[in-house]
Amino acid sequence: MKQIKLNKFARSADQIIESVRGGKVVVLPFDTVYGLVANPFDELAIEKIYKIKGRSFDKPIALIFSSVEMLKKYISISAEQEKYILSKTPGAHTFILPWTVGDKKKFSSHYQKLEKIGLRIPDYQFILDFVGKIGQPIAATSANISGQPNCWTTDDFIDQIKNQIDEPDWIIDAGEMPKNPPSEVIDISNLQNIKILRN
């Protein structure tokens, strides 16, 4: 497990981006909390996130995009859904919606089992740039052990996993994050009946 300060990230950016493409798991700072990220097209990478987090495999992991334009390359959305997402992004919102069999097949088998998918475009330029440089969405979930508190510092996370075999390959340390709440979760399957699942 390699650790690097955010202000030193540029020196290793290409290496870290290639490591994510190649199936490695990385801890990154987000607009909410620290997150575990990986390549959503790589089955072993997704499995590793679940093992690190101790998360049940029946709980989904969101997809992070750099823009609505990128999102539309991978996920089929209606013009009305696009307009709604645009009105709230970038921001601390996770949009839940059903996705097509054709869209599912683009991703690892974990995602193919899901009926609905969570999508985010965070309000954090570092993440938007990171995803943009990768050129594809990333899978992301909060960097903490399931059932344990959110991690506002990388030390918090390292303390939670200190007795585990599985650990991320890289940790990008941005210092203590503002204690922002987790993203609001909004089900936009039916825009006539929008459901706030978490706020």
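Filter segment 169-199 for residues that are in a strand (DSSP E or B) and either within 16 Å of the chain's Cα centre (by Cα) or modelled with pLDDT of 95 or more (or both) and give the result. The answer is W170, I171, I172, D173, E184, V185, I186, D187.
Here D31 passes the criteria (1) under 17 Å from S183 (Cβ atoms); (2) in contact with a strand residue (DSSP E or B) (Cβ under 9 Å, 6 or more places away or on another chain); (3) at pLDDT below 95 except the one numbered (2). Exactly one residue out of I188, I194, I165 is in contact with a helix residue (DSSP H, G or I) (Cβ under 9 Å, 6 or more places away or on another chain) and either closer than 17 Å to A45 by Cα or of a type in the set (D, E) (or both): that is I165. Taken over segment 78-102, the criterion of being under 20 Å from G132 (Cα atoms) and of a type outside the set (G, A, S) is satisfied by E82, I85, L86, K88, T89, P90, H93, T94, F95.
So if I check each of F107, F95, F130, which one is within 20 Å of R55 (Cα to Cα), in contact (Cβ under 8 Å) with a residue 40 or more places away in the chain, crowded, with 19+ Cβ neighbours inside 10 Å and within 16 Å of the chain's Cα centre (by Cα)?
Working: F95 fails: within 20 Å of R55 (Cα to Cα); F130 fails: within 20 Å of R55 (Cα to Cα).
Going through F107, F95, F130 in turn, the sole match is F107.
Any residue that is aliphatic (A, V, I, L, M) and within 14 Å of F126 (Cα to Cα) - is there at least one of those in segment 80-97? Looking for residues that are aliphatic (A, V, I, L, M) and within 14 Å of F126 (Cα to Cα), one finds none in segment 80-97, hence no. In segment 149-168, the residue that is nearest to K5 (Cα to Cα) out of those that are assigned to a loop (DSSP other than H, G, I, E, B) and of a type in the set (A, V, I, L, M, F, W, C) is W152. Set side by side, the residues I134, I127 differ, and just one is β-branched (V, I, T), modelled with pLDDT of 95 or more, touching a Lys or Arg at 6+ places or on another chain (Cβ under 8 Å) and on the phi < 0 side of the Ramachandran plot, which is I134.
The values are calculated or read from the model by the stated rules, or taken from the named source; none is laboratory data. If you're wondering where the values come from, they're calculated on a predicted model, not measured in any experiment. Every residue, glycine among them, receives a Cβ derived from its backbone with ideal geometry; neighbour counts consider all protein chains shown.
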